[in-house]
Structure formats: C-alpha cells, structure tokens
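Student: Quick one: the structure is below, and I'll ask about it shortly.
The values are calculated or read from the model by the stated rules, or taken from the named source; none is laboratory data. This is a predicted model, so every value here is computed, not measured. Here Cβ is always computed from backbone atoms with ideal geometry, including for glycine, and neighbour counts include all displayed protein chains.
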Amino acid sequence: MEKFEQIFSFINEKAEKYEKADGHSFLDGVLQSLEDVLDEKVQWAFQDASKEEVRKAIQIAILKGMRKTSQPNHQMTPDTLGLLVGYFVEQFFTEQLKTGQISLLDPAVGTGNLLLTVMNLLEGKVSATGIEVDDLLIRLAADTAELIEQPVVLYHQDALQKMLVDPVDAVVCDLPVGYYPNEEVAVDYELCAHEGMSYAHHLFIEQSLNHTKEGGYLFFLIPANLFESEQSKDLHKFLKKSAWIQAVIQLPENLFSAKAHEKSILILQKQAKTLRAPREVLLAKVPSMSNKEALSMFFEKVQMWKESK
Ligand code: SAM
C-alpha cells in the first residue's frame, strides 16, 4: 500500500468506528479522528509522510464522507483543478516567488483542499487566509492545515460581510454558485442585482477584488457559463473598470459529471495606475489530462503567451 493509502485506512477505520458508535456522520468521524491525532489521543505513525501524502489521504476520506451524506454546499475542489490553479499562480508570480513569499486569500475555503494543494505546490512561499461559513468544513480545513503545518489563518464567517483581512497578493477561489440570500448585505455591492436576488458568485468576485492589492491577481474557478447569464452585462461592466482579464481557461468536459457543472478558470488582475492591461487575453482549453502530447502543447502555449505579455 502506498503511504497515502495507509494514512487513509487509518483515518477511515477511526471514522467508521465513530460513525457506528455515536450515530454521527462519517464526515464527523473524519474530523474527530484528525482532532484525536492533533490532541495526541491516538498515535500517529506517519511522521515521515509528505504534506501531499497527508493532504491526499484526508481528501479521499472527506470525499467518502461527502458522498455518504450529500449536502449542496459540501463540495471539494479536486486535485486536478487545484494543481492547475497552483501552476497558474506559479506562472504569474515567478519573480516574487524566487525571492520571497506571497499572501493568498481563499474566501470560500471549504475543506481547504484547493488552498492547501496550492500551498503544498509552492511549499514555504505562501502564507494564507481562508474564510468559510460552514462550521464542519472550516474545522476540517483547520485540522488539515495544522497537521501538514501550512500557515493558514481561518475565519468562520460569511465572506460577503465585512472581513478583517489585509489586501493580499492573490486570491484563489472555487466560487460558490447561486443566489445570495442576505439582501441587506448585497445592497452594499456594485454587483447587487437591480431586480430580484444577486448572484453570490458575482459578489464574491467583487469582494475578492476589494481584498486584493493593486496589481494583484485573482484565480477563480467559475461556472463555464458565467458570461452568459442575464446578470453578466453588469459583471462585464464592473470588470472593465476594476480589473484586467488576463486569461480564461476552459477545462476538459470529462472532469465534470454534467454540462451544468462544467467550470473554467478565470484569471484577473486588479487594475493599478502604474501598470497596463495585458496585450492579449490568454484564451485556451486544457485538453484531456490523459493526452500527454496535447497537454504539453497547452503548457507551451501558456509559456509563449507569458513571454509575449
Ligand atoms: N475550494 C473548496 C475546497 O477545496 O473544499 C471548495 C469550495 S466550494 C465550491 C464553495 C464553498 O463556499 C463551500 O464550502 C460553501 O460552504 C462556501 N460558501 C458559500 N457561501 C459562502 C459565504 N457567503 N461565505 C463564506 N463561504 C461560503
């Protein structure tokens, strides 16, 4: 068995015991087993495991829990997407990462899987903040971050309300999609709908820009049809005056269970007086992950675009 499978078995066994004994969910059991490890109530025999091995094992255990008791907001960003986002963060911050650290914010951090995948990829070069409204998910994120020793400050709150977060170099976020129920809060946003309820994913984009430094970058996983909805005109107008679209990357369809769930990566730069817009927006499609040749052509295209920027 590979190391991450051994760690998964360890967590799985404890979570199943907890689930059976106390009538809790399997996901509660995963959380409990991570807390037992951190409180040294159980022996952790994986000190030599890498941060990625531990993250992957916890990811699989959480996925199992999410499948058992499905809740609409219990969604985790899979590795494939996290690694792609991390690759783009690396490309946009190549110079800063050579000499120092960057600050990241994920305002919808969920289980932390996306943020921690990026942090593990850029090991030692990122300090981060995460926001999440769901109590169970943010505790899973906190325990995972502690176990793999990644420096993340987490806030349990609605990210669309006031946040005490200093402007960051970059935002990474798998946007929650749908209507935002708190209309009293929504009215403070330029992207508040003129009629009816506002889109949470639009407000998240605006809020993320509010918390990004001038010239900083934002890496969003967006619904593939973001620019086709009836509220998208306002989004376009808003983006035009506050951000520069750097790239729109289509993701392979086979990563998603249905057309309605397809996502793309949108990369924005917060405008700054001292900087200029990119000459050309990178529009590209990630080929199927199994097609090695097409994949290396995709990365080549990104490099060529980067050099021409
Ligand atoms: N990247 C996350 C991960 O790897 O687990 C998954 C993000 S999931 C697509 C979107 C998350 O946004 C969910 O965890 C949901 O609970 C959270 N969310 C939705 N509305 C929110 C709000 N107003 N403030 C903070 N978090 C919110």
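Student: Of the residues in region 155-189, how many are of a type outside the set (Gly, Ala, Ser), buried (at least 20 other Cβ atoms within 10 Å of the Cβ) and outside any loop (DSSP other than H, G, I, E, B)?
Tutor: Residues flagged as of a type outside the set (Gly, Ala, Ser), buried (at least 20 other Cβ atoms within 10 Å of the Cβ) and outside any loop (DSSP other than H, G, I, E, B) within region 155-189 amount to 6.
Student: Which count do you get for residues in region 225-242 that are under 20 Å from the mean Cα position of the chain (by Cα) and buried (at least 18 other Cβ atoms within 10 Å of the Cβ)?
Tutor: Count: 1.
Student: With respect to Lys125, determine if the residue is more than 16 Å from the ligand (Cβ to nearest atom) and either within 29 Å of Ser9 (Cβ to Cβ) or modelled with pLDDT of 95 or more (or both).
Tutor: In short, yes.
Student: I've got another one for you. So the check is Cβ under 9 Å with 6+ separation or different chains; which pairs have a first residue in region 61-87 that's more than 24 Å from Tyr179 (Cβ to Cβ) and a second one that's assigned to a loop (DSSP other than H, G, I, E, B) and within 12 Å of the ligand (Cβ to nearest atom)?
Tutor: Ile62/His74; Ile62/Met76; Ile62/Thr111; Leu63/Met76; Leu63/Pro78; Gly65/His74; Val85/Thr77
Student: Would you check if there is a residue in region 119-127 being surrounded by fewer than 24 Cβ atoms within 10 Å (Cβ to Cβ) and of a type in the set (Val, Ile, Thr)?
Tutor: As a first pass, look at region 119-127 and keep what is surrounded by fewer than 24 Cβ atoms within 10 Å (Cβ to Cβ): 120-125, 127.
Checking which are of a type in the set (Val, Ile, Thr) leaves us with none.
Within region 119-127, not a single residue is surrounded by fewer than 24 Cβ atoms within 10 Å (Cβ to Cβ) and of a type in the set (Val, Ile, Thr).
Student: For residues that are among the hydrophobic types (A, V, I, L, M, F, W, C) and near the ligand (Cβ under 6 Å from one of its atoms), scanning just region 128-140, find the one that is farthest from Ser70 (Cα to Cα).
Tutor: Out of the qualifying residues, it is Ile131.
Student: Which number in (1) touching a strand residue (DSSP E or B) at 6+ places or on another chain (Cβ under 8 Å); (2) loosely packed, with under 11 Cβ neighbours inside 10 Å; (3) among the aliphatic types (A, V, I, L, M) marks the one condition that Val286 misses?
Tutor: Every listed condition holds for Val286 apart from (2).
Student: Can you spot a residue in region 219-239 that is in a strand (DSSP E or B), over 24 Å from Asp79 (Cα atoms) and at pLDDT 95 or above?
Tutor: no
Student: Looking at (1) in contact (Cβ under 8 Å) with a residue 60 or more places away in the chain; (2) over 18 Å from Met289 (Cα atoms), which is the only condition His201 fails?
Tutor: (1)
Student: Hey, another quick one. Take the conditions in contact with a helix residue (DSSP H, G or I) (Cβ under 9 Å, 6 or more places away or on another chain) and not hydrophobic (A, V, I, L, M, F, W, C) and apply them to Ser208. Does it pass? Lay out the reasoning, then the answer.
Tutor: Values: in contact with a helix residue (DSSP H, G or I) (Cβ under 9 Å, 6 or more places away or on another chain): no; not hydrophobic (A, V, I, L, M, F, W, C): yes.
It is false that Ser208 is in contact with a helix residue (DSSP H, G or I) (Cβ under 9 Å, 6 or more places away or on another chain) and not hydrophobic (A, V, I, L, M, F, W, C).
Residue-wise test of (1) in a helix (DSSP H, G or I); (2) aromatic (Phe, Trp, Tyr); (3) under 30 Å from Lys213 (Cβ atoms).
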site	(1), (2), (3)
Asp36	yes, no, no
Gln43	no, no, no
Gln47	no, no, no
Leu81	yes, no, yes
Glu90	yes, no, yes
Gln96	yes, no, yes
Gly110	no, no, yes
Met119	yes, no, yes
Ile138	yes, no, yes
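Student: Moving on. Any chance you could count how many residues in region 128-146 are within 18 Å of Asp158 (Cα to Cα) and either at pLDDT below 95 or surrounded by fewer than 21 Cβ atoms within 10 Å (Cβ to Cβ) (or both)?
Tutor: Residues meeting the conditions: 5.
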